[in-house]
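First up is the structure itself, then whatever we jot down about it.
The values are calculated or read from the model by the stated rules, or taken from the named source; none is laboratory data. Just so you know, these numbers come straight off a predicted model, no measurement behind them. Positions of Cβ are generated from backbone atoms using ideal geometry, with glycine treated the same way; all protein chains shown enter the neighbour counts. SASA here: full protein model, heavy atoms, side chains in, ligands and nucleic acids out. Shrake-Rupley method; radii C 1.70, N 1.55, O 1.52, S 1.80 Å.
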Amino acid sequence: MSILGTRVVRTEDPRLLTSGATYVDDLRDPALIGAAHLTFVRSPLAHGRVTGIDADAARAEPGVVAVLTAADLDDVPPPVPDGAEGAAAMGEPLLAGDTVRFVGEPVAIVVTDERYQGEDAAELVSVDYEPLTAVVDLDDALAGDTLLFPAAGTNVAATGGAPEDDSAFADCEVVVRRTIVNQRLAAAPMEVRGAAAAYDGERITLWASTQNAQQARDGAVGRLGDDNLRIITPDVGGGFGAKIGVDRETILTGWVAKRLGRPMRWTETRSENMVAMTHGRAQRHQITIGGDRAGHIQAYRLDIVQDCGAYPGISTFLPQLTMLMASGTYDFPSVQCSFQAVLTNKTVVAAYRGAGRPEATAAVERAVDLYAAEIGMDPAEVRKLNVVTPDKFPYTTPGGAVYDNGEYVAALDKVQAAAGYDDLRAEQRRRREAGEVRQLGIGVSSYVEITALDATEGETARLVVHGDGTVTVYTGTSPHGQGHATSWAMLVSDELGVPMDAITVLHGDTDAIPKGGGTMGSRSLQLGGTAVHQAAVEVREKGKHLAAEALEANEDDLVLDTDSGLWQVAGTPEIGLTWADLARRAGDEGLVADVRFTMEQSSFPFGAHVAVVEVDVETGMARLLRHVTVDDAGRVLNPILAEGQRHGGIAQGAAQALYEEVAYDADGNPQNTTFADYAFVTAAELPSFELVTMETPTKLNPLGAKGIGEAGSIGSTPAVQNAVVDAVSHLGVRHIDMPTTPRRVWQAISETTAGAVQ
């Protein structure tokens, strides 16, 4: 009987819960014996000119090995900007040289024998700054009165899309316009960033907390001048997009190890992580939506301003993803989009769970709710009138995305039924009529997302059956909580009949796995898992051939008993060969299969969420009471793992709607750099999520699977935000920007003419 689709308990957990994971900071590799420690001197200014650095006092401290600045990076190639339009001057340096551009930017490195010595010595490095005007507001950035890179002549790193065409809205009975904010967030993984490095005189080995060792290697090679660089990824305690690739501190750890000829370690503090690790989201949206009073939407426009932070990085790509997914699940006759990506004196923005797609969904789902409120129609019914119907798949959106399949109305129907939608609306009416202090809000969202963006590049897998019957799987994916050891073992066990505890899954070593894509963009199962599946199929075919030779039988007469893992001639169960037998016959390397699996296009999971909140109209406090979701990611391999991904995503999405925001003052100083002042969500603020199952398999891969890792964070944010607005909409409130904090809710109520509680 197949184990695929069954609730197999995670095989990773016993180690994680007993001996614990081995993160970068826990490494005890012999190559790291005697390692020194890096501490970064970081800028206290958002924008300033570096006029001098005096490190003599620091160098005189006990345990200080060296103090290094940008002037020492004479053997490092200059930075290359990523995605900037003709702005060669916008590249991010490894260490700030003449100018600092955000609070937390590294200016110097203090190398010490012991970690604790580094912080004390770093405080003695005297850096003279000439303050420059900080560019914090997006309109100031666009105006360009102060430039982060004067040589570039602009703060705009990239633009795209179409100019506004008002004719699309000319025949609309109703047109609603609104500027909304998708605020800046901190990724805040459990494990902060860290690296370790050793140089043996010929090559650098770099251990890094990254989501993809191969991309990290490729990103570091050019800066380190070591084409033979080896990257090893141990356990990673969360990434959420912010650990894609390699950052400057990790590269510098390898550079210092080579420069000083001594192993190096670096682990940041949580406060460093909050200001120096890339942030997410940070988009401002101008939305325009129009249609008739019967609920038929005719035109939608989304104009995006992306806050890149101090350097372009991949943030110029994020609004392009937002434009690609701008129309969401809807069959709008007209869709227009544009974007501007601008630099500000804030931490760099990069991918964060969903990366551009949650922003698109948040915009269109708020737009649909605003339109529904304007015409006085139930927001769920408006959605059902306008979503793409099943007969139109594969469906090409105005943005050029090709949706493989979808059942959008069915998802809405399912989630409404599970939530008891009609009863919720009845309770809402009762509370409003009674004038209760705690009002009920019901928020709905319908979403679709793109997963496996690099489908045509695919993913690698290598499977080896050894002479003792055990199996090793080498995967190009790179887990950081997703449960790949369990999933990949399930796929192999199901195909070969080898017990799961005899299967070892290896990842994240560029020597053992030179090619791979890592884990991000909800790509792993549909690409990496299918590659493992196909490798198992190839091994099975090879095993069948070897068994036929050994048993002197026709291949068509052979059967594999997947319960016992024995190859047998049909009808003669007393004679059989084990995988160990066949692996020994295959030679010294065992039975081997190497696979790269590609898909012809990306897949498009979808779903619908209903959030129920309670808002105290006297204080503005909003509390999430229930969250009901349908998240359809095609065929589910292991419900336990899928549910875990959904839970995590919903929590993060709800947290964005209610609590989280990275804040800066007018001078570019971050205002919340610890968990004491950044409203990081905990279990105490969340209800038990109600997960409704729905599977619409894709035909793009043999497993029928789509991505699930980001779904919860895409559907939950607009559902919760819509619910908060809905709770006070009878008082005249039409919109509240995220996070919907008590102060913002109270202000929105106070500013309406109907603000007094009846």
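Let's see how each residue does on (1) in contact with an Asp or Glu (Cβ under 9 Å, 6 or more places away or on another chain); (2) open to solvent by 10 Å² or more (accessible area, probe 1.4 Å); (3) at pLDDT below 95:
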position: GLY237; (1), (2), (3): yes, no, no
position: ARG248; (1), (2), (3): yes, yes, no
position: LYS258; (1), (2), (3): yes, yes, no
position: ARG262; (1), (2), (3): no, yes, no
position: THR269; (1), (2), (3): yes, yes, no
position: ALA276; (1), (2), (3): yes, yes, no
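In the stretch 168-191, of all residues being charged (D, E, K, R) and in a strand (DSSP E or B), the one that is most open to solvent (accessible area, probe 1.4 Å) corresponds to ARG177. Just one residue in the set THR698, THR682 is in contact (Cβ under 8 Å) with a residue 40 or more places away in the chain, over 25 Å from ARG284 (Cα atoms) and not hydrophobic (A, V, I, L, M, F, W, C); that residue is THR698. Looking only at the stretch 450-491, residues that are open to solvent by 20 Å² or more (accessible area, probe 1.4 Å) and either under 20 Å from the mean Cα position of the chain (by Cα) or within 21 Å of ALA633 (Cα to Cα) (or both) come to 9 in all. Would you call VAL615 open to solvent by less than 60 Å² (accessible area, probe 1.4 Å) and closer than 30 Å to SER750 by Cα? It is true that VAL615 is open to solvent by less than 60 Å² (accessible area, probe 1.4 Å) and closer than 30 Å to SER750 by Cα. The set of residues from the stretch 651-682 being among the small types (Gly, Ala, Ser) and within 23 Å of ARG626 (Cα to Cα) comprises ALA651, GLY653, ALA654, ALA655, ALA657, ALA679. Please find, within the stretch 1-41, the residue that is farthest from PRO639 (Cα to Cα) out of those that are surrounded by 10 or more Cβ atoms within 10 Å (Cβ to Cβ) and charged (D, E, K, R). For the stretch 1-41, the residue satisfying everything is ASP29. Once the stretch 98-112 is narrowed to residues that are open to solvent by 20 Å² or more (accessible area, probe 1.4 Å) and in contact (Cβ under 8 Å) with a residue 60 or more places away in the chain, the residue that is nearest to GLY668 (Cα to Cα) is VAL103. A single member of ALA151, ALA157, ALA216, ALA121 is open to solvent by less than 30 Å² (accessible area, probe 1.4 Å) and either more than 23 Å from ALA36 (Cβ to Cβ) or not in a helix (DSSP H, G or I) (or both), and it is ALA157.
With respect to the conditions (1) open to solvent by 40 Å² or more (accessible area, probe 1.4 Å); (2) under 20 Å from VAL628 (Cβ atoms); (3) of a type outside the set (Val, Ile, Thr); (4) in a loop (DSSP other than H, G, I, E, B), PRO398 lacks only one, and its number is (2). Do the conditions hold for GLY290, that is, is it touching a residue at least 24 places away in the same chain (Cβ under 8 Å), touching a helix residue (DSSP H, G or I) at 6+ places or on another chain (Cβ under 7 Å), on the phi > 0 side of the Ramachandran plot and open to solvent by less than 10 Å² (accessible area, probe 1.4 Å)? No; evaluated as a whole, the condition is false for this residue. Which residues, taken from the stretch 124-148, are surrounded by 19 or more Cβ atoms within 10 Å (Cβ to Cβ) and either small (Gly, Ala, Ser) or on the phi > 0 side of the Ramachandran plot (or both)? Listed by number, the residues that qualify are ALA134, ALA141.
Residues in the stretch 575-595 that are at pLDDT 95 or above and either open to solvent by less than 20 Å² (accessible area, probe 1.4 Å) or farther than 22 Å from SER564 by Cα (or both): TRP579, ALA580, LEU582, ALA583, LEU591, ALA593, ASP594, VAL595. Being out of contact with any helix residue (DSSP H, G or I) (no Cβ under 8 Å at 6 or more places or on another chain), open to solvent by less than 50 Å² (accessible area, probe 1.4 Å) and either within 30 Å of LEU496 (Cβ to Cβ) or in contact (Cβ under 8 Å) with a residue 40 or more places away in the chain (or both) holds for only one residue in GLY620, GLY653, GLY644, GLY649, and it is GLY644.
Among the residues of the stretch 278-287, the one identified as open to solvent by 10 Å² or more (accessible area, probe 1.4 Å) and either among the hydroxyl-bearing types (Ser, Thr, Tyr) or closer than 23 Å to THR250 by Cα (or both) is THR278. You will find that of TYR311, TYR300, the residue that is of a type outside the set (Asp, Glu), in contact (Cβ under 8 Å) with a residue 40 or more places away in the chain and in a strand (DSSP E or B) is TYR300 and no other. Remark: pairs (first residue in the stretch 38-59, closer than 11 Å to LEU124 by Cα and part of a strand (DSSP E or B); second residue open to solvent by less than 80 Å² (accessible area, probe 1.4 Å) and of a type in the set (A, V, I, L, M); Cβ separation under 6 Å; 6+ apart in sequence or on different chains) = VAL41/VAL107; VAL41/ALA108; VAL41/ALA122; VAL41/VAL125; ILE53/VAL127.
A single entry from LEU68, LEU94 fulfils the requirement of being over 12 Å from PRO312 (Cβ atoms), modelled with pLDDT of 95 or more and assigned to a loop (DSSP other than H, G, I, E, B): LEU94.
To keep it simple, each residue is scored yes or no on (1) outside any helix (DSSP H, G or I); (2) touching a residue at least 12 places away in the same chain (Cβ under 8 Å); (3) open to solvent by 10 Å² or more (accessible area, probe 1.4 Å); (4) β-branched (Val, Ile, Thr).
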position	(1), (2), (3), (4)
GLY707	yes, yes, no, no
VAL720	no, yes, no, yes
ALA723	no, yes, no, no
ARG743	no, yes, yes, no
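Listed here are the strands (runs of 3 or more DSSP E) enclosed by the stretch 544-646 that have at least 3 residues being farther than 30 Å from VAL728 by Cβ and hydrophobic (A, V, I, L, M, F, W, C): 558-561, 566-569, 591-597.
Whether any residue in the stretch 648-659 is closer than 30 Å to VAL135 by Cβ and either more than 23 Å from the chain's Cα centre (by Cα) or assigned to a loop (DSSP other than H, G, I, E, B) (or both) is what I want to check. There is at least one residue in the stretch 648-659 that is closer than 30 Å to VAL135 by Cβ and either more than 23 Å from the chain's Cα centre (by Cα) or assigned to a loop (DSSP other than H, G, I, E, B) (or both).
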